[in-house]
1. Just to be sure I understand the filter: pairs with C-beta atoms under 8 Å, separated by 6 or more residues or on different chains, first member in region 202-214 and modelled with pLDDT under 95, second member of a type in the set (Val, Ile, Thr) and open to solvent by less than 70 Å² (accessible area, probe 1.4 Å). Which pairs pass?
2. Would you be able to tell me the number of residues in region 61-91 that are open to solvent by 70 Å² or more (accessible area, probe 1.4 Å), in contact (Cβ under 8 Å) with a residue 40 or more places away in the chain and charged (D, E, K, R)?
3. Considering Ala125, Ala157, which residue is under 20 Å from Val214 (Cα atoms) and either assigned to a helix (DSSP H, G or I) or of a type in the set (Gly, Ala, Ser) (or both)?
4. Looking at (1) surrounded by fewer than 19 Cβ atoms within 10 Å (Cβ to Cβ); (2) assigned to a helix (DSSP H, G or I); (3) in contact with a Gly (Cβ under 9 Å, 6 or more places away or on another chain), which is the one condition that is false for Cys189?
5. Could you tell me whether any residue of region 138-150 is modelled with pLDDT of 95 or more and crowded, with 23+ Cβ neighbours inside 10 Å?
6. Specify which of the listed residues (Leu105, Leu101, Leu113) is open to solvent by less than 40 Å² (accessible area, probe 1.4 Å), in contact with a Pro (Cβ under 6 Å, 6 or more places away or on another chain) and either touching a residue at least 24 places away in the same chain (Cβ under 8 Å) or outside any helix (DSSP H, G or I) (or both).
7. Taking region 22-60 on its own, how many of its residues are under 27 Å from Tyr123 (Cβ atoms), open to solvent by 70 Å² or more (accessible area, probe 1.4 Å), in a helix (DSSP H, G or I) and not β-branched (Val, Ile, Thr)?
8. Sort through Leu194, Leu226, Leu182 and tell me the only one that's exposed (fewer than 15 other Cβ atoms within 10 Å of the Cβ), at pLDDT below 90 and either of a type outside the set (S, T, N, Q) or in contact with a Lys or Arg (Cβ under 9 Å, 6 or more places away or on another chain) (or both).
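The values are calculated or read from the model by the stated rules, or taken from the named source; none is laboratory data. Because the structure is predicted, anything quoted here is derived from the model rather than measured. When we count neighbours, we look across all protein chains shown, and the Cβ atoms used for this are built from the backbone with ideal geometry, even at glycine. These area figures cover heavy atoms from the full protein model, side chains too; ligands, DNA and RNA do not enter into them. Shrake-Rupley method; radii C 1.70, N 1.55, O 1.52, S 1.80 Å.
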Amino acid sequence: MRRGNDTWVSEFILMSLSSDRKMQAGLFVLFGVAYLLTLLGNGLIILLIGMDTRLHLPMYFFLCNLSAVDLCYTSSGVPQMLVHFLLEKKTISFTRCGTQLFFSLALGGTEFLLLAAMAYDCYVAVCNPLHYTALMSPRLCVALAAVSWLVGLADSAIETAVTMRLPTCGHNVLNHVACETLALVRLACVDITLNQVVMVASSVVVLLVPCFLVSLSYTYIVAAILQIRSTQGRRKAFSTCASHLIVVSMSYGMALFTRSTASAEQDKVVVLFYAVVTPMLNPLIYSLRNKDVKAALSRVLMRSSAFK
């Protein structure tokens, strides 16, 4: 595609983590297993929350949304990545590249905002337990989830538009395993000031602001826990938010590192970790540390055996 002296390509060539065929076959197996575990774990969380009325609570409503985000996020890039591990030439069309970028940005931003909403839920549960039901009403929960999704989609639409408009003057070798903002911007042969401004604004909206809200929530949570005199009471209060805190640390930590890293190779590894490992671990963290989820799984298994 051409407009004036600027050139847009019709497809991009993606780079693999390794040029060694045996290594690529090993990566195919590794990421394939991780992808299947992600589908199974997050799908099971959604199924359990939908089937068990005892899990129809604000915390599990947000967890269901988080699992849906993880399912969609990993499915937006990993299947193509697995196919490319088996191909000599790893290409992706301009349209598919833009679509993949849009969904990865939208779902990533939505996840950060959902984690902030879940932090508020933890704050209310620990600091205002007597007013929890009134404060965390179904209407508020739906509103927080809807805002998370809408802001994530809007932010992604803007960042995708300003990224995909950049001409590359014929350069189409993308030093990444997927279509990612920084890798695409590095190919640009025009001024990228607007892109830098948009990326900074996007980081503030979907990363720094939610991170600040999470930090503020946990400041109040820690203060409330320290005021509890009994050790058992402190453990019970902390266990309410322990799983969320682990997931937050992984998600925000990886995202902040991704935004700050200057190395293309480091960027590839971190994005892979965030796209493959984090969605796989999230359901494990919530299920292994959560008695309600374990109990719901036991009840579903008992029902299944009873029907047999």
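1. If the second residue must be of a type in the set (Val, Ile, Thr) and open to solvent by less than 70 Å² (accessible area, probe 1.4 Å), the pairs left are Val205/Val151; Val206/Val151; Val214/Val248.
2. 1
3. Only one candidate qualifies: Ala125.
4. (2)
5. Among the residues of region 138-150, at least one is modelled with pLDDT of 95 or more and crowded, with 23+ Cβ neighbours inside 10 Å, which makes the answer yes.
6. Just one listed residue meets the conditions, Leu113.
7. Qualifying residue count, region 22-60: 1.
8. Leu226
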